[in-house]
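These notes are about the structure you will find just below.
The values are calculated or read from the model by the stated rules, or taken from the named source; none is laboratory data. For clarity, every value in this text was computed on a predicted model and none was experimentally measured. Here the Cβ positions follow ideal geometry from the backbone for every residue, glycine too, while neighbour counts run over all protein chains shown. Surface areas here come from the heavy atoms of the whole protein model, side chains and all, with no ligands, DNA or RNA. Shrake-Rupley method; radii C 1.70, N 1.55, O 1.52, S 1.80 Å.
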Amino acid sequence: MGEPNHSPGKELQHWTRAETPGKKSWHSQAYALGAISNFMSTFLTFPIYKVVFRQQIHAVAVSEALRQLWQEGPQYFYRGIYPPLLSKTLQGTLLFGTYDSLLCSLSPEGPHSLGHRWAAGLMSGVVEAVALSPFERVQNVLQDGRKQARFPTTFSILKEFNSYGLWGRLSLGYYRGFWPVLLRNSLGSALYFSFKDPIQDGLAKQGLPHWVPAMVSGSVNGTITCLVLYPLIVLVANMQSHIGWQSMPSLWASAQDMWDTRGRKVFLIYRGGSLVILRSSVTWGLTTAIHDFLQRRSHSRKELKD
């Protein structure tokens, strides 16, 4: 990044990471851009996510997961969308905004090395896990078909959690499964931000339309990251589907149970992997492309005003 390069990727990199330390407006704007891009991609890909969740919980094929949803009826197909819609919007706000702020704190003048991007991504993932674990917890209970009769609404779940007492609300309620969430989010964010820009910049040199490098970069990063961390994703889904004081297994017991119920076979843990690839490719491809598009438009407006 030493020599000037006028390829689209390097141009965008200059816009977003070469601001002087005194300019705060662009960094604060990163929070809004992250919120919008995550909101849009989450709404569009929620049906895929729900099928994947059923596979993670019941270890069934795609056809069986679709059959379950069909039997429950179309009125329940979007059941549970509000927690992920809200949480993913907040996730985008925190993930992109916090990452941008941390990156500029670690390296105010640039250029930003792989180590800077990794550290900023890791820390933004930690912030994301602390802030959003309660949303994911409620979402996973709502999407478990076995809990529909006992917990028909979000309010009924919150009422249950709030009856536990202070420590119970955290450990058994809102932050159930927190440690695998923390590990998954921090590593996932570090991987995504470490390689997103290098892949996008490399593709931009080929003279492709602006949206193609961003879409491909997000898709490749999202797919690889989710496949690497998929066992943690399944563990979180299973841990957070438990509710109540009784038979609440520990982290190790939950991991052992997941391994045993999958017949001690890795490929059964990865049941649903095909849809994970599709969901991750579409979600992170859309998120990255939308974020890149909004970033360019915002910068263009800023240049016109200046």
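Applying the criterion of at least 3 residues that are closer than 20 Å to T93 by Cα and open to solvent by 30 Å² or more (accessible area, probe 1.4 Å) to the helices (runs of 4 or more DSSP H) found wholly in region 214-305 leaves 273-305.
This table checks each residue for (1) under 18 Å from Q148 (Cβ atoms); (2) touching a residue at least 40 places away in the same chain (Cβ under 8 Å).
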residue: A30; (1), (2): no, yes
residue: G34; (1), (2): no, yes
residue: F53; (1), (2): yes, yes
residue: I57; (1), (2): yes, yes
residue: W70; (1), (2): yes, no
residue: S87; (1), (2): no, yes
residue: L106; (1), (2): no, no
residue: G110; (1), (2): no, yes
residue: L114; (1), (2): no, yes
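Within region 145-162, if we keep just the residues that are closer than 20 Å to L85 by Cα, assigned to a helix (DSSP H, G or I) and hydrophobic (A, V, I, L, M, F, W, C), the residue that is least open to solvent (accessible area, probe 1.4 Å) turns out to be I157. Restricting the first member to region 163-180 and to residues that are open to solvent by 80 Å² or more (accessible area, probe 1.4 Å), and the second to residues that are in a helix (DSSP H, G or I) and modelled with pLDDT of 90 or more, the beta-carbon pairs closer than 6 Å and six or more apart or on different chains are R169/F161.
Here the helices (runs of 4 or more DSSP H) wholly within region 4-107 that include at least 2 residues being at pLDDT below 75, polar (S, T, N, Q) and open to solvent by 60 Å² or more (accessible area, probe 1.4 Å) are 25-58. One residue stands out in region 126-144 among those that are over 12 Å from I243 (Cα atoms) and of a type in the set (S, T, N, Q): the one that is surrounded by the most Cβ atoms within 10 Å (Cβ to Cβ), namely Q139. On the stretch given as region 154-197, residues that are farther than 13 Å from S133 by Cβ and among the β-branched types (V, I, T) total 2.
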